[in-house]
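For reference, the structure is listed below as structure tokens.
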Amino acid sequence: MSLRILALAACAAAALATSVPALSQPAGKLKVGLMLPATGTFAALGNAIENGFKLHVAEQGGKLGGREIEYVKVDDESDPSKATDNVNKLIKRDNVDVIIGTVHSGVAMAMAKAAKESGTMLIVPNAGADAVTGAMCAKNIFRTSFSNWQPGYATGVVAAQKGYKKAVTITWNYAAGSEMVKGFTEAFEKGGGTIAKHLTLPFPNVEFQALLTEVAAQKPDVVFSFFAGGGAVKFVKDYDAAGLKKTVPLMGTGFLTDGTLEAQGDSAQGVITTLHYADGIDTPRNTAFRNKYAVTYKSQPDVYAVQGYDAAQLLAWGLTAVKGDFAQKDAMYFAMNKAVLSSPRGKLAFSTAHNPVQDFYIREVKGKENVSVGIAVKALADPARGCKL
Ligand code: PHB
């Protein structure tokens, strides 16, 4: 080959090299669809998730992976019957790139189905429906919160360790309640306990009186419960007012007392829960997050705020890996699956089914805080039953 041809070849290679980044330059804003409850018993939870997500975006100067973020919002009202229409507004009408949502497991399952069918990226910042990272798992679906099985199982471990033998469970009759109860039952029975009775009421009802009478009649060693948001506030107060708090210890997944302590007051004191977050995690990362959140929103963050914050961190991780080029979907999903986030809860890694593998804290309500008093289970991974990825 002559020198001239070599030089020409070198020029062509150089031109190609410079044209590659030009081709993969991030284009325009990234459209993020926030599908969260803005009304109903979970409204405060949706608000905390949105605050957390936006806090991380703001910390990055309004951009993730070099892409400016634009928001479109839908209030899903925690209503599964409206979920398919609501998620299709984001996918088909608004043409969003990513969906962040939601709180309610029944709504999340409809969202996962639509995301799987359309190929739209979905990051779930709360809803624990086991199927989302189980039978319905998909390469474009991620979760930064938990599966319902996880906190249920962790609470069952602690209840058995405390020596309780006979439990009554009480919850709303929908996926989150039944799956958390299932997780609790699995661990509690493994630890030598038995369940005397499973009590339920329809979501989002809060008429607990008849069920509390039944709890008293059963005389169990412990009660396991899942309620959240406004429903959790009323349940913990009613449990106390019925005189049960003095006779039967109340336990639950941490949602029972997270973001609710201000309203629950004395009724919540001493309640033991397990969760993947606690108020008193004494790390520079958690302290910085809590201070920033409190200054920005004039309120204290809770587990929902953390999960929203981490949803933004996970999206940022994927976008950064492809330098903002959202078209490189497979490379982005691959990076997100391998992500290790610096979460306020601690280091956050994901299973192959895209669900967090995380420590579960034992928490006790002291004053206005869910104080960590130990670890229930370290690096607990959901069994991801039915997931093929
Ligand atoms: C759920 O429906 O999956 C759910 C709702 C509220 C929580 C936790 C789980 O606090």
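The values are calculated or read from the model by the stated rules, or taken from the named source; none is laboratory data. Everything quoted here is computed from the prediction, not taken from an experiment. Cβ placement follows ideal geometry from the backbone for every residue including glycine, while neighbour counts extend to all protein chains displayed. Quick note on the areas: whole protein, heavy atoms, side chains included, nothing else; ligands and nucleic acids left out. Shrake-Rupley method; radii C 1.70, N 1.55, O 1.52, S 1.80 Å.
For the chain, with a Gaussian network of springs between Cα atoms less than 10 Å apart, report the residue from L36, L212, L256 with the top mean-square fluctuation.
The residue with the greatest mean-square fluctuation here is L212.
Can you show me the helix-derived [θ] at 222 nm for the chain, built from DSSP H runs with n ≥ 4 at -39,500 (n - 2.57) apiece and divided by the number of residues, rounded to the nearest 500.
For the chain, the value works out to -12500 deg cm²/dmol.
R0 = 35 Å: FRET efficiency of D85 with S342, Cβ-based, nearest 0.05?
That pair, D85 with S342, gives E of 0.40.
Anyone know which of D330, D310, D279 comes out most mobile in the 10 Å Cα GNM of the chain?
D330
Mind pulling the angle between the C-alpha long axis of helix 175-190 and the longest principal axis of the chain? Nearest 10 degrees, somewhere in 0 to 90.
On a 0 to 90 degree scale, this one is about 70.
Give me the percent of DSSP beta bridges within the chain that run antiparallel, rounded to the nearest 5.
Percentage antiparallel, nearest 5: 35.
With springs only between Cα atoms under 10 Å apart, run a GNM on the chain and tell me which of T257, T213, T200 wobbles the most.
Maximum fluctuation in the GNM of the chain, among the listed residues, is at T213.
Got a number for carbon plus sulfur as a percent of the chain's accessible area, 1.4 Å probe?
57
I'd like the distance separating the alpha-carbon centroids of the stretch 291-333 and the stretch 65-86, in whole Å.
Answer, in whole Å: 16.
Applying the Karplus parametrisation 6.51 cos²θ - 1.76 cosθ + 1.60 with θ = phi - 60° to the phi angles of the stretch 325-330, what ³J(HN,Hα) value in whole Hz is obtained for each residue in order, glycine and proline being reported as x?
Couplings: 7, 5, 5, 7, 4, 5 Hz.
Determine the shape class of the stretch 166-258: with a ≥ b ≥ c the square roots of the Cα gyration tensor eigenvalues, call it rounded for a/c under 1.5, and otherwise prolate if a/b is greater than b/c, oblate otherwise.
Note, shape of the stretch 166-258 comes out oblate.
Could you report the chain's accessible area per residue, 1.4 Å probe, as an integer in Å²?
Result: 40 Å² of accessible area for each residue.
Do the alpha carbons of any pairs in K31/K82; K182/K298; K116/K378; K82/K298; K113/K388; K139/K190 sit beyond 27 Å of each other, and which pairs?
Exceeds cut-off: K182/K298; K116/K378; K82/K298; K139/K190.
Under 1.5 on a/c is rounded, so check that first for the stretch 83-149, then, if it is not, pick prolate when a/b is larger than b/c and oblate when it is not; a ≥ b ≥ c are the square roots of the alpha carbon gyration tensor eigenvalues.
Cα axes put the stretch 83-149 in the prolate bin.
From the Cα gyration tensor of the stretch 284-389, with a ≥ b ≥ c the square roots of its eigenvalues, which class applies: rounded if a/c is under 1.5, or else prolate if a/b is larger than b/c, or else oblate?
Judged from the Cα gyration tensor, the stretch 284-389 comes out oblate (a/c at least 1.5, b/c at or above a/b).
Take the Cα of K292, step 7 Å along the line toward its Cβ, and report every residue of the stretch 331-375 whose backbone nitrogen sits under 12 Å from that point.
Flagged as within label range: 342-344.
Give me the net charge for the shell around C137: Cβ to Cβ below 11 angstrom, other residues only, Lys and Arg +1, Asp and Glu -1.
Combined, the nearby Lys, Arg, Asp and Glu give +3.
If you filter the stretch 192-300 for GluC sites (Glu not before Pro), then keep DSSP loop positions with at most 11 other Cβ within 10 Å, what is left?
Within the stretch 192-300, the qualifying GluC sites (Glu not before Pro) (loop, at most 11 other Cβ atoms within 10 Å) are E207.
I need the trypsin sites (Lys or Arg not before Pro) found in the stretch 167-274, filtered to DSSP loop residues with at most 13 other beta carbons within 10 Å of theirs.
Answer in residue order: K246.
If I model a spin label at S299 and A331 as a point 7 Å from the Cα along the Cα→Cβ vector, what separation in nanometres do I get?
4.0
Quick one: what are the phi-derived ³J(HN,Hα) couplings along the stretch 195-212, Karplus 6.51/-1.76/1.60 with θ = phi - 60°, whole Hz, x for glycine and proline?
Per residue, the Karplus-derived 3J(HN,Hα) values read 9, 7, 6, 9, 10, 9, 9, x, 6, x, 4, 10, 8, 8, 3, 4, 6, 5 Hz.
Can you run phi through the Karplus equation (6.51, -1.76, 1.60; θ = phi - 60°) for the stretch 129-146 and list ³J(HN,Hα) in whole Hz, with x for Gly and Pro?
Per residue, the Karplus-derived 3J(HN,Hα) values read 2, 4, 5, 4, 10, x, 4, 9, 4, 7, 5, 9, 10, 10, 9, 10, 10, 5 Hz.
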